Amino acid sequence: MNWVHFEGRIPEILKDAVPRIRASIPQATFSLEIEKPDRHGLLDLIPFFDVIFFSHTYYLHSGHTTPNHFLDAVRERNPSAVYIITAGENGAYHSSHDHPFLHIPTTKVDIVVDATGAGDTFIAGYVWSRMALGKSGVGAAKMAVALATTKVGQEGFDNLWKRAC
Amino acid sequence: MPHYPEEDQKLRASNVTTRLGGNVPNTLNVLHQVVAKEDRLVLVSTFAERDSSQRLTDKLEEMGVEVAGVWRDDCPLNPQSWILKSEQTGSRTIVNYNGYNEILKPQNLMSAVRKNLQPMNYSGRSLQ
């Protein structure tokens, strides 16, 4: 199984490249991270992806008042895709065609040691859970929240899986 | 450092650590801890000129991550952050550098991904 993940940086480049890459590797799963609210045009890429990760910041700048409304709105662009907002201490919000809205809370972290890369850790947890552990979208998101929560409680990324599982 | 420096003053740092960063390198750092030997992790990106990128690409390769994309001779330094941590207050002041403005042409991106992700001989995954 192949998984191709893109960091949503320059919309113009991705708009040109992604459809053609997708066409040449049709059997791969494609995911996109949309992190920075000022990168206009990234939403237009949604039809080319199977999984879209939004940062909490992106949602907060979206103008929508609840995660549910935001996810409903983006879902119209590609009803079969999975959408996830990584929401820091609030865990994650997940939306797919069979589970239109699900909030996955975190377990409480006593002390936040180092939150840098928590969203990146979430993506790793989700990708691996879907690809290798055979988990459903919701199951993978739960695993990813657990992994990201473990990450926040430690410096760096060492031994994350052992501590989270 | 013992405390946050005064402007126009010199201060000796008490300790220095370096860490790999960036969204996708972070994700790959977490993934490399669980993948099987036969799995492939590939980073397709734009890098600063070779000498300056060596440490970064060495570190990625140590994790079993293959690197591909474009090395730009006109970019002296990869994007990075310097975090000034004060022992006195625990504050973290971050100075970020991203000297080149994004970079990878669609054609380069496509050819690097295609080259590294041929369905016939590929059994892993690729992350840009």
- Taking the simple approach of a point 7 Å from Cα along Cα-to-Cβ for both B:Glu61 and A:Ala23, what is their distance in nm? 3.5
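Take peptide A:112-118, look around each residue's Cβ out to 10 angstrom, count Cβ atoms belonging to other protein chains, and average those counts.
Across A:112-118, the average partner-chain Cβ count within 10 Å equals 3.
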- Would you kindly calculate the translational diffusion coefficient of the protein assembly as shown, applying Stokes-Einstein with the Kirkwood radius from alpha carbon pairs, for 10 °C and a viscosity of 1.306 mPa s, and quote it in µm² s⁻¹ without decimals? 79
- When chain A is modelled as a GNM with alpha-carbon springs shorter than 10 Å, which of A:Ala141, A:Ala28, A:Ala87 fluctuates the most? A:Ala28
- Query: Can you give the mean number of other chain Cβ atoms that lie within 10 Å of the Cβ atoms in peptide B:29-39?
  - Reply: 6
- Report the residue, chosen from B:Asp58, B:Asp39, B:Asp74, that carries the largest GNM mean-square fluctuation when chain B is represented by alpha-carbon nodes joined by springs under 10 Å. B:Asp74
- Note on the structure: The relative contact order of chain A, taking Cα pairs under 8 Å that sit 6 or more residues apart, comes to a percentage of 15
- Task: Using per-residue counts of other Cβ atoms within 10 Å, averaged over each peptide, order A:120-127, A:77-84, B:16-23 from highest down.
- Result: A:120-127, A:77-84, B:16-23
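Given +1 on the Cβ of Lys and Arg, -1 on the Cβ of Asp and Glu, and no further charges, what dipole in debye does chain A carry about its Cα centre, rounded to the nearest 20?
In debye, rounded to 20, chain A gives about 380.
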- Item | Alpha-carbon spread of chain A, three principal axes, descending order, Å | 43, 37, 30
- Which helices, taking whole DSSP H runs in chain A, have alpha carbons extending 18 angstrom or more along the helix axis plus mean Kyte-Doolittle at least -1.0? A:11-24, A:118-131, A:137-152
- Message: Below 8 Å between Cα atoms, with a sequence gap of 6+, how large is the relative contact order for chain B in percent?
- Response: 31
- Message: Name the residue from B:Gln80, B:Phe47, B:Val113 whose Cα lies farthest towards the positive end of the charge dipole of chain B, charges +1 on Cβ of Lys and Arg and -1 on Cβ of Asp and Glu.
- Response: B:Val113
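Show me the three semi-axes of the equivalent ellipsoid for segment A:30-126, from the C-alpha gyration tensor (sqrt of 5 times each eigenvalue), largest first, rounded to whole Å.
For segment A:30-126, the ellipsoid semi-axes come out as 22, 15, 13 Å.
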- Message: What is the angle, in °, between the Cα long axis of helix B:50-62 and the longest principal axis of the Cα atoms in chain B? Nearest 10 is fine, range 0 to 90.
- Response: 70
- Hey, what's the per residue convex hull volume over the C-alpha atoms of chain B, in cubic angstrom? 133
- Note on the structure: Note, A:Phe30: beta-carbon cut-off 10 Å, +1 each Lys/Arg, -1 each Asp/Glu, net 0
- Which of the residue pairs A:Lys15/A:Lys36; A:Lys142/A:Lys162; B:Lys59/B:Lys115; A:Lys142/B:Lys115 have a Cα-Cα distance greater than 25 Å in the structure shown? A:Lys142/B:Lys115
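Using only helices, what value at 222 nm comes out for the protein assembly as shown when you add -39,500 (n - 2.57) per DSSP H run of length 4 or more and divide by the total residues, to the nearest 500 deg cm²/dmol? Intermediate values should be presented prior to the final figure.
Values: 9 runs with 96 residues, N = 293.
Using -39500 (n - 2.57) per qualifying helix, the result is -10000 deg cm²/dmol.
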- Note on the structure: Expressed as a whole number, the average count of other chain Cβ atoms within 10 Å around the Cβ atoms of A:10-23 is 4
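Could you work out the per residue convex hull volume over the alpha carbons of segment A:1-59, in cubic angstrom?
Convex hull volume per residue, Cα atoms: 69 Å³.
Only the coordinates and a few stated rules stand behind these numbers; no lab work does. If you're wondering where the values come from, they're calculated on a predicted model, not measured in any experiment. Using ideal geometry, Cβ is built from the backbone for each residue, glycine included, and neighbour counts are taken over all protein chains shown.
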